[in-house]
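In what follows, a structure is listed as structure tokens, so that the remarks can point back to it.
The values are calculated or read from the model by the stated rules, or taken from the named source; none is laboratory data. Keep in mind the model is a prediction, meaning the values are calculated, not measured. Positions of Cβ are generated from backbone atoms using ideal geometry, with glycine treated the same way; all protein chains shown enter the neighbour counts.
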Amino acid sequence: MAQQNRQYVTIDSIVNDYIEQSEQSAHKYFKLWQLAFRGMERLGINFFYQIRSVKLPLNPNKTVTLPNDFINYTKIGVLNSAGEIAILKYNPKQTFLGDQMPNREQMVVDDSVQTYSEWNANFFFNYWNGTSYTNQYGFPSGGVDIGSFNIDNTNGVILLNQHFNYDYLMVEYISSPNPDEDYQVPVQFREALVAWLGWQEIMYMPNTRKGALGDKRDRRNNFFNERRLAIAEYSPFRLEDAYELSQTATRLVPKA
């Protein structure tokens with residue numbers, strides 16, 4: 001029996017649904033569980049992976065070591081007085097040079113080159129609250145420079161610039177799947193994931209076994225049909241939304 005929590009259903013229940021429907025034994029569970037997460041990526045719902053929030057210590061060379069289960073970040077910053085994460089700015093210009101060396105700070109700075117600091121501008125005053133522009137990211141007013149970052153995924157570190165003066169870093173990130181944890185996805189994607197499991201289980205089997213070419217084709221078509229239905233149900237077309245959109249478009253049309 002599938003376990004459901006409001007509009008969500010667990011990956012565990014989806015895998016068990018497929019095992020029961022295909023009349024297989026539980027020894028296939030781990031293989032099918034891994035396939036289900038690949039299906040989440042194909043369906044575009046891998047953002048339902050587990051989100052973790054950790055407070056990580058700063059290394060002496062102003063880098064922070066990424067967790068072993070890190071896939072991608074959602075927030076990187078420091079804490080403010082309200083318990084919010086004040087987000088640092090992502091800066092792809094920061095070099096990876098010496099990110100494993102203790103003297104990294106001396107290796108990556110050349111004081112003979114003068115650069116304009118865009119932090120002096122009110123860079124983060126970019127959210128209109130209906131009355132005035134306000135600070136979307138929680139930084140103090142005036143665009144105070146608390147630092148920027150880049151990520152070296154190859155070496156597994158976050159690189160911080162010279163202006164970062166904290167001894168920790170808050171990192172919220174998408175973690176890689178862990179069989180010991182429970183994951184939930186919108187219930188609309190249940191049948192699409194079941195169809196994905198049915199297709200992938202025989203996709204690479206030779207045609208002389210259970211993987212007949214016609215069966216593979218039918219299961220593939222079934223998956224893409226269920227995928228289409230799931231996306232349509234997850235983002236349904238509502239008449240009131242269309243009406244509001246048309247009214248907005250009418251207001252934006254310049255008068256003659």
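Counting the residues of the range 16-38 that are within 12 Å of Glu201 (Cα to Cα) and either buried (at least 17 other Cβ atoms within 10 Å of the Cβ) or among the aliphatic types (A, V, I, L, M) (or both) gives 6. Only one of the numbered conditions (1) modelled with pLDDT of 85 or more; (2) in the same structural domain as Ile202 (by TED's automatic domain parsing); (3) not in a loop (DSSP other than H, G, I, E, B) is violated by Glu23, and that is (3). Taking the range 61-71 as the range and being at pLDDT 85 or above, in contact with a strand residue (DSSP E or B) (Cβ under 7 Å, 6 or more places away or on another chain) and not aliphatic (A, V, I, L, M) as the test, the residues that pass are Lys62, Thr63, Thr65, Pro67, Phe70.
Does the range 5-14 contain any residue that is modelled with pLDDT of 90 or more, in contact with a Gly (Cβ under 6 Å, 6 or more places away or on another chain) and among the hydrophobic types (A, V, I, L, M, F, W, C)? Scanning the range 5-14, I find no residue that is modelled with pLDDT of 90 or more, in contact with a Gly (Cβ under 6 Å, 6 or more places away or on another chain) and among the hydrophobic types (A, V, I, L, M, F, W, C), so the answer is no. With respect to (1) assigned to a loop (DSSP other than H, G, I, E, B); (2) hydrophobic (A, V, I, L, M, F, W, C); (3) surrounded by 15 or more Cβ atoms within 10 Å (Cβ to Cβ), the lone exception for Leu97 is condition (3). Comparison of Ser53, Ser25, Ser81 shows that the only residue that is over 16 Å from Gly147 (Cα atoms) and touching a residue at least 12 places away in the same chain (Cβ under 8 Å) is Ser53. Please enumerate the residues belonging to the range 148-175 that are without any contact (Cβ under 8 Å) to a residue 60 or more places away in the chain and of a type in the set (Ser, Thr, Tyr). Thr154 - this is the single residue of the range 148-175 that is without any contact (Cβ under 8 Å) to a residue 60 or more places away in the chain and of a type in the set (Ser, Thr, Tyr).
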